[in-house]
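Engineer: First, the structure itself, so that you have it in front of you.
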Amino acid sequence: MGNFRFYRRVSIFPGLSINLSKSGPSLTVGMRGAHVTVGSTGVRKTVGIPGTGIYYTSHSGYHSGAHSAHVDAPITDSQQTTAHSLAQLIMVMCIVGAIALAIALVGSFAAGGKP
């Protein structure tokens with residue numbers, strides 16, 4: 001039996017898009033060949049050669065350090081919850097800011113002016 005997957009990318013303007021999936025929203029900044037995605041699971045940086053299928057991805061997750069080789073003092077559950085809440089707040093603020101910027105640019109072009 002397979003897994004249900006859902007994914008939708010909404011381009012705000014060239015170089016900025018919002019990604020919607022089953023695991024939650026994320027924000028992607030960059031272009032084809034090099035971009036950074038910030039989401040609920042962490043930050044993913046991808047660099048590649050367009051059209052070849054060759055790429056490199058690194059992922060820095062939001063984790064407690066419990067699976068790291070060396071941990072001085074793991075963070076508490078309340079600290080982790082606070083960090084997740086702060087990350088979600090920052091992501092929502094970035095998304096709202098990007099949407100506001102896109103609306104302002106569209107309004108400027110609709111009025112016949114230059115940005």
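Engineer: (1) open to solvent by 70 Å² or more (accessible area, probe 1.4 Å); (2) over 28 Å from F4 (Cα atoms); (3) modelled with pLDDT of 80 or more: which one isn't true of A100, the others all being true?
Structural biologist: Checking A100 against (1) open to solvent by 70 Å² or more (accessible area, probe 1.4 Å); (2) over 28 Å from F4 (Cα atoms); (3) modelled with pLDDT of 80 or more, the one that fails is (1).
Engineer: Within region 60-96, can you find the residues that are surrounded by 11 or more Cβ atoms within 10 Å (Cβ to Cβ), closer than 18 Å to S11 by Cβ and modelled with pLDDT of 80 or more?
Structural biologist: I95 - this is the single residue of region 60-96 that is surrounded by 11 or more Cβ atoms within 10 Å (Cβ to Cβ), closer than 18 Å to S11 by Cβ and modelled with pLDDT of 80 or more.
Engineer: Working only within region 17-44, note down all residues that are surrounded by 15 or more Cβ atoms within 10 Å (Cβ to Cβ) and more than 19 Å from Q88 (Cβ to Cβ).
Structural biologist: Result: G30, H35.
Engineer: What pairs can you find where one residue is in region 15-33 and more than 18 Å from I99 (Cβ to Cβ), the other is exposed (fewer than 12 other Cβ atoms within 10 Å of the Cβ) and aromatic (F, W, Y), and their Cβ atoms are less than 6 Å apart, with a gap of 6+ or different chains?
Structural biologist: Listed by first residue and then by second, the contacts come to S21/F6; S21/Y7; K22/F6.
Engineer: Go through region 1-16 and count every residue that is farther than 16 Å from M91 by Cα, of a type in the set (A, V, I, L, M, F, W, C) and open to solvent by less than 40 Å² (accessible area, probe 1.4 Å).
Structural biologist: So the count comes out to 0.
The values are calculated or read from the model by the stated rules, or taken from the named source; none is laboratory data. Predicted, not measured: the structure shown is a model, and the values here were computed from it. All Cβ positions, even for glycine, are placed from backbone atoms using ideal geometry, and neighbour counts span all protein chains on display. Calculation scope for accessible area: heavy atoms of the full protein, side chains included, ligands and nucleic acids excluded. Shrake-Rupley method; radii C 1.70, N 1.55, O 1.52, S 1.80 Å.
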